[in-house]
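Data first, discussion second: the structure below is written as C-alpha cells.
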Amino acid sequence: MSRVAVFGAGYVGLVTGACFADLGHDVVIRDVLPERIEALRGGAVPIYEPGLEELLARNAERLTYTLEVAVAVRDADFLYVAVGTPPTYSGDADLSAIWTVVDELQGLERRAVVVMKSTVPVGTGAKVRARLDERGLGHIGYASNPEFTAEGTAVRDFQQPDRIVIGAFEPVDADAVADLHAGIDGPIVRCDVASAEMIKLAANAALMTRISFINEIANVCEATGADVVRVAEGVGLDRRIGPSFLRAGIGYGGSCFPKDSLALKQLAANSGYHFQLLNAVIEVNELQKRRVIGKLNRHLGTLRGKTVALLGLAFKPNTDDTREAPSLVLAGRLVAEGADVRAWDPVADGRSILPQATICATPLEALRGADAAVLVTEWAELADLDWAAAASSMRNALLVDGRNMLDPTELRAAGFTYEGIGRAAGSGSAGGSV
Ligand code: UGA
C-alpha cells in the first residue's frame, strides 16, 4: 500500500483522497484553510457530495488532515495536486495555487511522483517538470492523471470510471500511478503528459458541444413545432451518437464546463488558433440562459413588478454548487427587469448568492402568490410536488420548465400554462432521465 498526499480539500481532493483510502492506501489531505481542516478532523464534510461523508468516515483510520506541507510530504509516494484553477480575467486558467504547491514541496529525499489532478492547460506538466528540475528535484517523478468525476456522482465515477488516463514523462511513473489504482476496474489510457492534459479538456468540450447542439435543436424545434425530448430520444438511439448529454435546457453551468471552455479557447488563441466551434458552443450557452426571460416576457407582457419563483439554484441536482449556475444569470436578469425574485433550493445556500431574492424553505412557499415560476434545477422533490395546489396558490400559474422535467399534459391539467425548452405548445410528455 502507498502513502498518498493530496493537496487541496475541495470536491476533487476529498473524493480522490477518500477513494484512495478506500483502496487501502494511507492518505493525508492538506489544505491551507484552517477551518476546513478543523472541520474534517472533527468528522464534518464541508461540501455536499453524496456518499463522500460515509466514505471518509469508513476509512477514517487511513485518513489524516493537515495544514503543514512538511507533514503531508513526509514518506509520501504520491503528491496529488487537486487545487483550484479558476479562470482569470483573460479567461486563462489561474495556475497560482498549483505553483504554490510545487514551490512549497520540501523534504523530498526519497522518490515520489507529483500527480496533477487539477485541470490545467496543455503544457503545464512540462513547465512543472522544468520547475522541479530547477529546484534540484530531478528524482521526483511527474504524471498527469485528470479527473472525469461529475459532481453528485463523483464517488461512483471515481470507483467505476469509464477510463483512467495517465500521462507521464517516464514509464516508471505511469506504472506507479497505474498500480495505485489497483482494485479499480476500468481501461487505462497511457500517453504523454500533453495528450493527457488535452484529453481532459477535449472530453469536457465534447460534452459541452453536445449540450449546445441539442439546445440549438431545441430552439429550432420551438420555432417549427417539434418536441426536442422526442427528438433527442430518436437521435440518441443511434449507437454512433448515443443518448447522453442530449438533454435540452437552460444551459450548462458549474465549476468545470464554463471555466474549462474558456481555458481551452484561450489555450488555442494563445497558440494562434481561433477555435470557432468552441466559441459557438460558449455563445449558444450564454444565450440559452437568457431565452427564459423572453418566454416570461412573452406571457407576462412586462416583468416590472411581477414576482417570479426560481425552483432550484444549484447548477444541477444533488450538489450545493452554484458556481456559474444558470440561476444566477436568471436572477440577475429578472432583477434588472424589475421583477421580485423568490427562490428555493434544498441544499444550495441562496442567501449568500442571491441577496436580492427572497429565499424560501419549500417550493410551495416560493410559488405562493407568484406570477410565474421557472424550474431551474431538476431536483427530485419537484417531480412529486402537488402541482395542482401550487397552481391554485399562484397569482398567475405560468411555469417555464427549464429542464423539461415535467409532463406538459399533467401540468396543463393541474392548471398551468406550461412552457418547456424546445417543446412546441401542446406537445410531449415528461423528459427522459438520460
Ligand atoms: C463535468 C463532467 O461531466 C465531468 O466528467 C468532469 O470531470 C467535470 O465536469 C470536471 O471537469 O471536473 P459536472 O460539471 O460536475 O461534471 O456536471 P455535469 O453532470 O457534466 O453537468 C454540467 C452541466 O451541464 C449542468 O449544468 C447540467 O445541468 C448541464 N447538462 C448536462 C445539460 O444541460 N444537459 C445535459 O444533457 C447534460
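The values are calculated or read from the model by the stated rules, or taken from the named source; none is laboratory data. Just so it is clear, the structure is predicted and the values come from calculations on it, not from any experiment. Every residue, glycine as well, gets a Cβ built from its backbone with ideal geometry; the counts of neighbours run over all protein chains shown. The protein model used for the area step is the full one, side chains on, heavy atoms only, and it has no ligands, DNA or RNA in it. Shrake-Rupley method; radii C 1.70, N 1.55, O 1.52, S 1.80 Å.
Under 6 Å between Cβ atoms, at least 6 apart or on separate chains: pull out the pairs that start in segment 126-148 with a residue that is among the β-branched types (V, I, T) and end on any residue that is open to solvent by 10 Å² or more (accessible area, probe 1.4 Å).
Qualifying pairs under 6 Å: I140/L108.
Would you say R291 is within 16 Å of the ligand (Cβ to nearest atom) and either farther than 30 Å from G10 by Cβ or touching a Cys at 6+ places or on another chain (Cβ under 6 Å) (or both)?
When the stated conditions are applied, R291 passes them.
Within segment 223-238, work out how many residues are more than 26 Å from the chain's Cα centre (by Cα) and either open to solvent by less than 50 Å² (accessible area, probe 1.4 Å) or among the small types (G, A, S) (or both).
Counting residues in segment 223-238 that are more than 26 Å from the chain's Cα centre (by Cα) and either open to solvent by less than 50 Å² (accessible area, probe 1.4 Å) or among the small types (G, A, S) (or both) gives 6.
Looking at T302, is it farther than 23 Å from T377 by Cα, away from the ligand (no atom under 15 Å from the Cβ) and touching a Gly at 6+ places or on another chain (Cβ under 8 Å)?
Considered against the rule, which asks whether it is farther than 23 Å from T377 by Cα, away from the ligand (no atom under 15 Å from the Cβ) and touching a Gly at 6+ places or on another chain (Cβ under 8 Å), T302 comes out as yes.
Here's the yes/no breakdown for (1) assigned to a loop (DSSP other than H, G, I, E, B); (2) within 14 Å of R403 (Cβ to Cβ):
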site	(1), (2)
P317	yes, yes
V329	no, no
A343	no, no
S352	no, no
P355	yes, no
E378	yes, yes
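Checking A339 against (1) surrounded by fewer than 17 Cβ atoms within 10 Å (Cβ to Cβ); (2) among the hydrophobic types (A, V, I, L, M, F, W, C); (3) over 24 Å from C256 (Cα atoms), which test does it fail?
Evaluating A339 over (1) surrounded by fewer than 17 Cβ atoms within 10 Å (Cβ to Cβ); (2) among the hydrophobic types (A, V, I, L, M, F, W, C); (3) over 24 Å from C256 (Cα atoms) leaves (1) as the failure.
Which one is most open to solvent (accessible area, probe 1.4 Å), of the residues in segment 239-285 that are of a type in the set (K, R) and within 11 Å of the ligand (Cβ to nearest atom)?
R247
Can you say whether R395 is outside any helix (DSSP H, G or I), open to solvent by 50 Å² or more (accessible area, probe 1.4 Å) and either on the phi > 0 side of the Ramachandran plot or within 16 Å of the ligand (Cβ to nearest atom) (or both), as far as the supplied structure shows?
Considered against the rule, which asks whether it is outside any helix (DSSP H, G or I), open to solvent by 50 Å² or more (accessible area, probe 1.4 Å) and either on the phi > 0 side of the Ramachandran plot or within 16 Å of the ligand (Cβ to nearest atom) (or both), R395 comes out as no.
Of all residues in segment 233-275, count the ones that are among the charged types (D, E, K, R), in contact with a Lys or Arg (Cβ under 9 Å, 6 or more places away or on another chain) and in a helix (DSSP H, G or I). Quick ask: steps written out before the conclusion?
Taking segment 233-275 and keeping what is among the charged types (D, E, K, R), we get 233, 238-240, 247, 259-260, 265.
Subsequent filtering for residues that are in contact with a Lys or Arg (Cβ under 9 Å, 6 or more places away or on another chain) retains 247, 259-260.
Checking which are in a helix (DSSP H, G or I) leaves us with 259-260.
Residues that pass the stated criteria total 2.
Evaluate segment 145-163: report whether one residue or more is more than 23 Å from D321 (Cα to Cα), away from the ligand (no atom under 16 Å from the Cβ) and outside any helix (DSSP H, G or I).
Within segment 145-163 (the criterion being more than 23 Å from D321 (Cα to Cα), away from the ligand (no atom under 16 Å from the Cβ) and outside any helix (DSSP H, G or I)), the answer is no, since none of the residues qualifies.
Would you check if there is a residue in segment 357-373 being open to solvent by 10 Å² or more (accessible area, probe 1.4 Å), away from the ligand (no atom under 16 Å from the Cβ), closer than 26 Å to C256 by Cα and free of Cβ contacts under 8 Å to residues at least 12 places away in the same chain?
no
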